[in-house]
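Peer 1: I'd like to ask some things about the structure below.
The values are calculated or read from the model by the stated rules, or taken from the named source; none is laboratory data. The structure displayed is predicted, hence computed values, not measured ones. Cβ: placed from backbone, ideal geometry, glycine included. Neighbour counts: every protein chain shown.
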Amino acid sequence: MSSVFERPVTLHRPRPATASPAVRWSVDAIEALFNLPFPELMHQAQTVHRENFDPNRVEFATLLSVKTGGCPEDCNYCPQAARFDTGVEATKLMEPDEVRVAAQRAKDAGATRFCMGAAWRAPKDRDIEKVAELVRTVKALGLETCATLGMLEDGHAQTLQSAGLDYYNHNLDSAPDFYGDIITTRDYQDRLDTLQRVRSAGVKVCCGGIVGMGETRRQRAGLVAELANLTPYPESVPINNLVKVEGTPLADQKDLATLDPFEFVRTIAVARITMPKARVRLSAGRQQMGDGVQALCFLAGANSIFYGDKLLTTGNPDTDADVTLLQRLGMTRAAPEVQA
Ligand code: SAM
Ligand code: DTB
Ligand code: SF4
């Protein structure tokens, strides 16, 4: 069997999302996609995927929690919120030397993007200066850089951009009409404001959400509509399946049914169709998913995964398992994105 790493580099991203004319998606139109027979939806998603990417390649992005736990927000899914008793210990921000070691290890294992997460509501000016140093450290290793630090104020995204930040991750998480059931300590508009600051600073946007939190199909369509109608839509779209962590309100909500895996695959397909040139990332929840469902997600247009045995605080398939899975599927790792 050939290695998942060894094929030559071909770039399949002819135009950035910004070059596409803005298409406005209604929630009805997106719900109609969700309602298609599964084979028809998969066919449409695959057609769009092949028009824009090599469908056999998957991006590897590695996460590192550079500042864990103790977060003042109340996101009902999150093990890092200080108010929930989840056993996550709060830590201080990591030093550049520690981050360099982790990033080098990720690169050696085959990652092309390195994403640093901090459990802040919003970083302070001095935090931004320290994270900028971490960004410089990771960038110097030749990795694409991403950070997710909470809400940004004016000037923060610019400082990070100057340090070499390629992407900023900030999720809309759910549809506007479900959001208040999940988070009360900041509102939807706060998130949109941060995304606007990221864009204005010339940093690419990584923005997605979580499914499996008890939302309806229409609300899943509502989340995808919000993402697809951002102008331009995000360059990266992480779709997370809720990881139920004991002590969080959503894990403790005993009547919360686990989402049908085919509905998760549908969400990926609909994201692919509505955001044709985005990297759609099969994100949290892979460990609970099984190889068959992951393969369906790739067929539905997912072309990125979090790669490494840990997400931020929870588990993820180990790198050997992912390399083996891609080998079994005859797929390979995508090259870092350099514009053609
Ligand atoms: N504190 C920052 C923020 O909220 O933007 C950055 C880190 S936060 C952990 C990043 C994202 O991880 C969240 O927006 C959410 O989509 C996802 N996430 C957190 N906990 C999760 C869980 N238990 N299951 C699935 N996704 C989760
Ligand atoms: C995203 O959308 N998912 C990642 C990343 N962006 C930062 C985080 C998933 C976290 C899952 C729960 C945990 O490990 O703490
Ligand atoms: Fe804090 Fe982010 Fe977790 Fe919300 S998702 S509690 S903001 S770390």
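Peer 1: Name the residue that is surrounded by the most Cβ atoms within 10 Å (Cβ to Cβ), counting only residues in the stretch 210-221 that are touching a residue at least 60 places away in the same chain (Cβ under 8 Å), in contact with a helix residue (DSSP H, G or I) (Cβ under 7 Å, 6 or more places away or on another chain) and not in a loop (DSSP other than H, G, I, E, B).
Peer 2: R220
Peer 1: Is at least one residue of the stretch 157-164 touching a strand residue (DSSP E or B) at 6+ places or on another chain (Cβ under 6 Å) and in a helix (DSSP H, G or I)?
Peer 2: Within the stretch 157-164 (the criterion being touching a strand residue (DSSP E or B) at 6+ places or on another chain (Cβ under 6 Å) and in a helix (DSSP H, G or I)), the answer is no, since none of the residues qualifies.
Peer 1: Go through the residues of the stretch 106-118 one by one and say whether even a single one is over 18 Å from A335 (Cβ atoms) and loosely packed, with under 15 Cβ neighbours inside 10 Å.
Peer 2: no
Peer 1: In the stretch 291-306, how many residues are more than 20 Å from N169 (Cβ to Cβ) and either within 16 Å of ligand 3 (Cβ to nearest atom) or in contact with a strand residue (DSSP E or B) (Cβ under 9 Å, 6 or more places away or on another chain) (or both)?
Peer 2: Filtering the stretch 291-306 for residues more than 20 Å from N169 (Cβ to Cβ) gives 291-296, 298-300.
After this cut, where a residue has to be either within 16 Å of ligand 3 (Cβ to nearest atom) or in contact with a strand residue (DSSP E or B) (Cβ under 9 Å, 6 or more places away or on another chain) (or both) as well, the list is 294, 298, 300.
Residues flagged as more than 20 Å from N169 (Cβ to Cβ) and either within 16 Å of ligand 3 (Cβ to nearest atom) or in contact with a strand residue (DSSP E or B) (Cβ under 9 Å, 6 or more places away or on another chain) (or both) within the stretch 291-306 amount to 3.
Peer 1: Then there's this: Could you grab the pairs with beta carbons closer than 6 Å, sequence gap of 6+ or different chains, first residue in the stretch 186-209 and closer than 20 Å to P176 by Cα, second one of a type in the set (D, E) and part of a strand (DSSP E or B)?
Peer 2: G209/D173
Peer 1: Still on this structure, I have one more. Based on what the data block shows, is G292 exposed (fewer than 15 other Cβ atoms within 10 Å of the Cβ) and either hydrophobic (A, V, I, L, M, F, W, C) or modelled with pLDDT of 95 or more (or both)? Full working, then the answer.
Peer 2: Working: exposed (fewer than 15 other Cβ atoms within 10 Å of the Cβ): yes; either hydrophobic (A, V, I, L, M, F, W, C) or modelled with pLDDT of 95 or more (or both): yes.
Yes: the conditions hold for G292.
Peer 1: May I pose another question? Go through the stretch 222-253 and report how many residues are in contact with a Ser or Thr (Cβ under 6 Å, 6 or more places away or on another chain), surrounded by fewer than 21 Cβ atoms within 10 Å (Cβ to Cβ) and at negative phi.
Peer 2: 2
Peer 1: Kindly evaluate G315 against the criterion of being at positive phi and in contact (Cβ under 8 Å) with a residue 12 or more places away in the chain. If you could, list the steps in order and put the result at the bottom.
Peer 2: Details: at positive phi: no; in contact (Cβ under 8 Å) with a residue 12 or more places away in the chain: yes.
Taking the combined requirement at face value, the residue does not satisfy it.
Peer 1: Just name the residue that is surrounded by the fewest Cβ atoms within 10 Å (Cβ to Cβ) out of those in the stretch 28-85 that are small (G, A, S) and closer than 30 Å to L250 by Cα. Can you show your working first?
Peer 2: Quick first cut of the stretch 28-85, residues small (G, A, S) only: 29, 32, 45, 61, 65, 69-70, 81-82.
Checking the rest, the ones that are also closer than 30 Å to L250 by Cα come to 29, 32, 61, 65, 69-70, 81-82.
Values: A29: 14, A32: 12, A61: 27, S65: 21, G69: 19, G70: 15, A81: 23, A82: 15.
Per the criteria, the residue is A32.
Peer 1: Every residue in the stretch 97-150 that is away from ligand 1 (no atom under 14 Å from the Cβ) and among the acidic types (D, E), please.
Peer 2: D97, E98, D108, D125, E129, E133, E144
Peer 1: Of T112, T137, which residue is polar (S, T, N, Q), away from ligand 2 (no atom under 15 Å from the Cβ) and in contact (Cβ under 8 Å) with a residue 60 or more places away in the chain? Give the derivation first.
Peer 2: Details: T137 fails: in contact (Cβ under 8 Å) with a residue 60 or more places away in the chain.
After ruling out the rest, the residue left standing is T112.
Peer 1: How many residues are within 15 Å of ligand 2 (Cβ to nearest atom), of a type in the set (S, T, Y) and over 11 Å from the mean Cα position of the chain (by Cα) if we restrict to the stretch 141-166?
Peer 2: Matching residues across the stretch 141-166 total 1.
Peer 1: Can you tell me how many residues within the stretch 177-208 are touching a strand residue (DSSP E or B) at 6+ places or on another chain (Cβ under 8 Å) and either away from ligand 1 (no atom under 13 Å from the Cβ) or at pLDDT below 95 (or both)?
Peer 2: 3
Peer 1: With the requirement that a residue be closer than 29 Å to L250 by Cα and either out of contact with any helix residue (DSSP H, G or I) (no Cβ under 8 Å at 6 or more places or on another chain) or modelled with pLDDT under 95 (or both), what does the stretch 133-149 give you? First the steps, then the outcome.
Peer 2: Taking the stretch 133-149 as the starting set, the residues that turn out to be closer than 29 Å to L250 by Cα are 146-149.
Result: C146, T148.
Peer 1: Got at least one residue in the stretch 192-202 being buried (at least 18 other Cβ atoms within 10 Å of the Cβ), outside any helix (DSSP H, G or I) and touching a helix residue (DSSP H, G or I) at 6+ places or on another chain (Cβ under 9 Å)?
Peer 2: Looking through the stretch 192-202, at least one residue is buried (at least 18 other Cβ atoms within 10 Å of the Cβ), outside any helix (DSSP H, G or I) and touching a helix residue (DSSP H, G or I) at 6+ places or on another chain (Cβ under 9 Å).
Peer 1: Kindly provide the set of residues from the stretch 162-185 that are farther than 28 Å from V211 by Cα and either in contact with a Phe, Trp or Tyr (Cβ under 9 Å, 6 or more places away or on another chain) or surrounded by fewer than 19 Cβ atoms within 10 Å (Cβ to Cβ) (or both), ordered by number. Full working, then the answer.
Peer 2: Kept after step one, since they are farther than 28 Å from V211 by Cα, are these residues of the stretch 162-185: 162-164.
Listed by number, the residues that qualify are S162, G164.
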